[in-house]
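One structure is given below, encoded as structure tokens.
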Amino acid sequence: MIFAEWKPIAELIEKLKPYKKVLLAGCATCVAECAAGGEKEVETLAPLLRMALQKQGHTVEIVTATLDKQCEWEFVEQLAEQAAEVDAIMSVACGIGVQALAERFDPKPVYPGVNTSALTIREEAGLWAGRCAACGDCVLGETFGYCPIARCAKSLLNGPCGGTRKSGKCEVNEDVDCIWNLIVERAYERGQIESLAEPKRTKNWSNSGHGGPKRVIREDLRQ
Ligand code: SF4
Ligand code: SF4
């Protein structure tokens, strides 16, 4: 899921203080799972912001709404009436939701209430770990199900690097497994270590996001 967390309250009130009425918009999907932008967090954050603004001498009315998804236009449309009545919107959805609101409700100012940081899995209570960098050319079939793009500090396609620790941890962070160590171990366990002997195929980075905006087209779904 997409992981995000609240921006510092001081940063949020800086954005909101010029306005009289603001819509705080949540999303009941990923950001609800990571307790950043679901209905519960929206209803918690709204009074916090109101009080923080009040303390600085700004009276800002904050109305709230949480959509099932902020990344789908039919749900975004549900905010139309409320959006028309406010001076600005703060979205606590991921960056996709924020951009959807900014596009639909232009020229209304739309601000992010959270920092979106990774595509993650919850490893344990309160701990999310990145699993995918949405690189556009998945190599998991060649790396025994471990992602070297998101989980190696150097995104190495052929590893491990010379710095991997004897403990099996990454040279960059000793609290983190060297993912290439795990890939090699799994290759041994499956009797397929020879598959790692040759350098990996050339990876297609054209849809990785480094070369400009991504566009993904499914011709079979186009009308
Ligand atoms: S190889 Fe690319 S698409 Fe596959 S899990 Fe890693 S980052 Fe995601
Ligand atoms: S130690 Fe392993 S995970 Fe860390 S940078 Fe080197 S190959 Fe990547």
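The values are calculated or read from the model by the stated rules, or taken from the named source; none is laboratory data. This is a predicted model, so every value here is computed, not measured. Cβ: placed from backbone, ideal geometry, glycine included. Neighbour counts: every protein chain shown.
Annotation note: of 169, 203, the sole residue that is within 16 Å of residue 146 (Cβ to Cβ) and not assigned by TED's automatic domain parsing to the domain that holds residue 144 is 203. Of the residues 170, 178, 152, 161, the single one that is more than 25 Å from the chain's Cα centre (by Cα) and within 7 Å of ligand 2 (Cβ to nearest atom) is 161.
When residue 131 is tested against (1) within 15 Å of ligand 2 (Cβ to nearest atom); (2) farther than 21 Å from residue 216 by Cα; (3) not aromatic (Phe, Trp, Tyr), only condition (2) is not met.
Which residue out of 92, 76 is under 18 Å from residue 6 (Cβ atoms), crowded, with 19+ Cβ neighbours inside 10 Å and within 22 Å of the chain's Cα centre (by Cα)?
None of the others qualify; the one that does is 92.
Counting only strands (runs of 3 or more DSSP E) that sit wholly inside the range 67-177, those with at least 1 residues that are free of Cβ contacts under 8 Å to residues at least 12 places away in the same chain are 114-124, 127-132. Got at least one residue in the range 103-113 being within 19 Å of residue 32 (Cβ to Cβ) and within 24 Å of the chain's Cα centre (by Cα)? Checking the range 103-113: at least one residue is within 19 Å of residue 32 (Cβ to Cβ) and within 24 Å of the chain's Cα centre (by Cα). Of the helices (runs of 4 or more DSSP H) that lie entirely inside the range 1-62, those containing 2 or more residues that are surrounded by fewer than 18 Cβ atoms within 10 Å (Cβ to Cβ) span 9-16, 39-55. When 198, 185, 189 are checked against the criterion of being more than 16 Å from ligand 2 (Cβ to nearest atom), surrounded by 10 or more Cβ atoms within 10 Å (Cβ to Cβ) and free of Cβ contacts under 8 Å to residues at least 40 places away in the same chain, 189 stands alone in meeting it.
Among the residues of the range 136-149, the ones that are surrounded by 17 or more Cβ atoms within 10 Å (Cβ to Cβ) and over 19 Å from the mean Cα position of the chain (by Cα) come to 3 in all.
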